[in-house]
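Structure first, then comments.
The values are calculated or read from the model by the stated rules, or taken from the named source; none is laboratory data. Treat the numbers as computed from the prediction; the structure is a model and nothing was measured. Every residue, glycine among them, receives a Cβ derived from its backbone with ideal geometry; neighbour counts consider all protein chains shown. What goes into the accessible areas is simple: the full protein's heavy atoms, side chains included, and nothing from ligands, DNA or RNA. Shrake-Rupley method; radii C 1.70, N 1.55, O 1.52, S 1.80 Å.
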Amino acid sequence: MLSPADIDSILDEIEGGRRDAFRWIVREWSLSIRGYLGSQLHHLDAVDDLAQEVFITAFRSLSAFRRGEDFGAWLRGIARHKLLAYFRSSARRDSALERFRQEVVECVEADLEAGASGDPAEVMERLLRCIAKLPVKLRRVVHAGLEELKPAAMAEELSTSVGAIYQLHYRANQLLRQCLREEAS
Amino acid sequence: MEPDLNDLLLAWNGAEMDANRKTALLSKLREDAVFRRAFVEELRMLGMLKATQSAEPRWLRLEDELGSKPAEPWDEEAFSTSIMSELSRTEPAGFLKANRWLIAAAVLVFAGVAAFWGLRLGGDRPAAVAGLDKTRDAGGFAIVSHLEGTATAEPRGRAVHEGDVVSAGRFRMPAGAATLRFFDGAVVFVEGEADLDLLALDRVLCYRGRLRVRMEEGASGFTVTSPGMAVVDLGTEFALNVTGDGAAALHVFDGKVEASVLNREGYTLRSELVQKDESASIQPGSGRIARTDQPADAFASAPTAPTPVLRLDRGYAVAVLASKPWGYWRFESLENGLTPNEIPGGLSLRAVGALRLSAEPGGNNTMEFSRDRGPEEGDRKEGQYLLMDGLWQQPAKPGYAVELWMMSAAIRESALVSLIDGSREGAPEEHYFLLQLMDQSQRWLHPNGSVRFLQRSPPGLGGGVNAFAQRAYLPGVWQHVVAQNSGDRMELYLNGRLVGHAPVDPDQAPGLYHLLVGRLKQSVRGGGDATRPFVGRMDELAFYEHTLSPADIASHYTLGNPPAPLQK
């Protein structure tokens, strides 16, 4: 994780005309910003597009960042504004689903922000170890999505029902969260 | 799972639900903190997996904003210092901690949860494209490989960025310059103010602007029209300045063109052949085509971009070796015509023709397949390619992967890597595997400028199963390609992302194969085009007797795109 001194050093480089140094910022926070946006947006395309917008805006507004403050929180603030604009755009306002999602996001915004602080890279490490600890059946269910295996086919493979597959997903998530907590402590 | 939570997740993912039920769920979400926390935990997990579902996206606008990465000289010392500084801050959690980005990407394997919920619970993304990269780049007439200033294109006058594919319709630039690489081989340099209408793969209508058209080797017939006139290229490089009043000035830099004044129906009324170094004025109003002495510098220039550098992270080779390749050729040396295999005891690649190593800043070498010394010219009989100094005996267990970095000089049909039946000496070269770059869709239906992964089992001269990339490759840019076959599924990755896949029948019997790089086949029968010679650079070719996980692929790609070192 970049320390405040590192961030100062990067900002100095950028102010000195070395725009390329901003890539360190992107490298450090792209995963967490994409994860943050991904928790509130359905499509990965939209997540990636908006995340790019966040970093472009951040780069152009670096002078507004007060050194010493939490850079990640500052980026998430920009992300929140982008999300709001996204939901408010006319095309999306017309969609009942997007309106519903916007209302949901407004309800959970504070909780999401509270959970987003910390070092995302550490969480990823733990998550990796935790997935490896999942029972074989749950790991198979988790893998199935990436392999584009339909729930019906997955259910057949595991000799169970489609509904049970959804439950297995939830169970996998539960175990992952529990494991993440244990690993953290 | 608690029923309300289940329903809320279903609704969040787009499942049909009664409005009253949704309202009730929202109320509970507002009022019940425990319920809210449970939902947020689900969202966070899904977001985390979604973020790691793919490699770092290629953010072209951000790249634009920050400037081109290779612009600065490689500062190895600074890089080393910064890496050591990074490591010194790292707690001794070992490899996992120090390679967190590699590890983060590894979670790709497990991103099925996000895909599963997102795709199966009523989301509107078709299952057919599940897991695929964005498809907005598929198809189209040309790719915008360079852009200075702003430009808009169809549909709806959207802003254009470098790397975008543009299709039929208007392309406008109030100022600045752009390079459009058409998929039929024409490169069009545009200087604003420009107002164009892209009519076809080989035809542009210019209302206003300064254009320069360069045809790739072997391509011809590109036509630039404006109201009342047309210029048809005959294998050449020419420039045209079109003013708002319809008059045009023409200069031919190389080869020749046919310049026409058109009648009302849009057919040639008068025409003139204009040769190299000649200028002409075309006046539709008076029907005249007249030679002029307008100098070449009065026309659009053809900027030469600096050759991009492949800047590999120092951990790249380590990561590849950790994936246990059967063969790994880094192209760092070429002695006695052999470039060695990094795997002890592994077979080298033998260079045939005038291949050479190109030294990149930072000490990395790449293999250069030059146009000037290609099979069409000096080495017509021999061509230039790499051939493995021995055969690959396919093991009984199915699965293989081919991974490399490549930078093509142009959009053209060219072979990257082939596996050719080696069991019968002297027999026609029958392909088992082919990885190649495409130009426009002609013989096969595919997005223009795609990458093709062909599998023929048993090996043959035709047929087989194809997986085409759903997005175009960029010429003049280093790109990471992986083609792999797990036994029953082919997968194609471009820059860390799955861009094409296809089901495939299992191999009938393990075979014995030649590995050929940079050309379709050794034989020159059929001429240069039939051998599909690659022109450009390659590096870090790896061959595996197993497939790579999406996480490995993503991490390898990421390690080929490290940020420039901090100058501490």
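Points to keep in mind about this one:
- Relative packing of B:512-524, B:29-41, which averages over residues the other C-beta atoms within 10 Å, highest first: B:512-524, B:29-41
- Ranked packing of B:477-489, B:2-14, most packed first, by mean Cβ within 10 Å: B:477-489, B:2-14
- Average other protein chain Cβ within 10 Å of Cβ, residues A:162-168: 2
- Projected label distance in nm at A:L175 and B:S523, using a 7 Å step from Cα toward the beta-carbon: 5.5 nm
- Between the listed residues A:A46, A:G68, A:G16, the Cα displaced farthest toward the positive end of the dipole of region A:4-88, a dipole computed from Cβ unit charges relative to the Cα centre, is found at A:A46.
- Annotation for region A:1-109: GluC sites (Glu not before Pro) lying in DSSP loop with at most 11 further Cβ atoms inside 10 Å of their Cβ are A:E69.
- Accessible area buried between chains B and A, both sides summed, probe 1.4 Å, in Å² to nearest 100: 8000 Å²
- Full extension of the chain segment joining B:A175 with B:R371 gains 67.3 nm, where the gain is 0.36 nm per residue of separation less the Cα-Cα distance.
- Candidates per chymotrypsin sites (Phe, Trp or Tyr not before Pro) in region B:225-309, loop by DSSP, up to 15 other Cβ within 10 Å: B:Y267
- Spin-label pair B:K397/B:T307, simplified geometry with 7 Å Cα→Cβ offset, distance in nm: 4.0 nm
- In this calculation the C-beta distance from B:N336 to B:S423 is compared with R0 = 25 Å, giving a FRET efficiency of 0.35.
- Shielding score for A:13-20, defined as the mean number of other chain Cβ atoms within 10 Å: 3
- Think of region B:144-236 as a dipole: +1 on every Lys or Arg Cβ, -1 on every Asp or Glu Cβ, centred on the Cα centre; then among B:H146, B:M173, B:G221, B:M173 lies furthest on the positive end.
- Modelled label positions at B:T152 and B:Y207, each set 7 Å beyond Cα in the direction of Cβ, lie 1.1 nm from each other.
- Contour minus Cα-Cα distance for B:L269 and B:A159 (0.36 nm per residue): 35.8 nm
- When you filter the trypsin sites (Lys or Arg not before Pro) in region B:306-369 for DSSP loop state and at most 14 other Cβ atoms inside 10 Å of their Cβ, you are left with B:R314.
- Counting only other chain Cβ atoms within 10 Å of each residue's Cβ, the peptide A:27-40 averages 6.
- Computed from the C-beta positions of B:D245 and B:S358, the FRET efficiency with R₀ = 56 Å rounds to 0.70.
- Note on B:R21 and A:A110: with the Förster distance fixed at 30 Å, the Cβ-Cβ geometry gives a FRET efficiency of about 0.75.
- Within region B:262-284, backbone nitrogen closer than 16 Å to the virtual label 7 Å beyond the Cα of B:K256 toward Cβ: B:271-280
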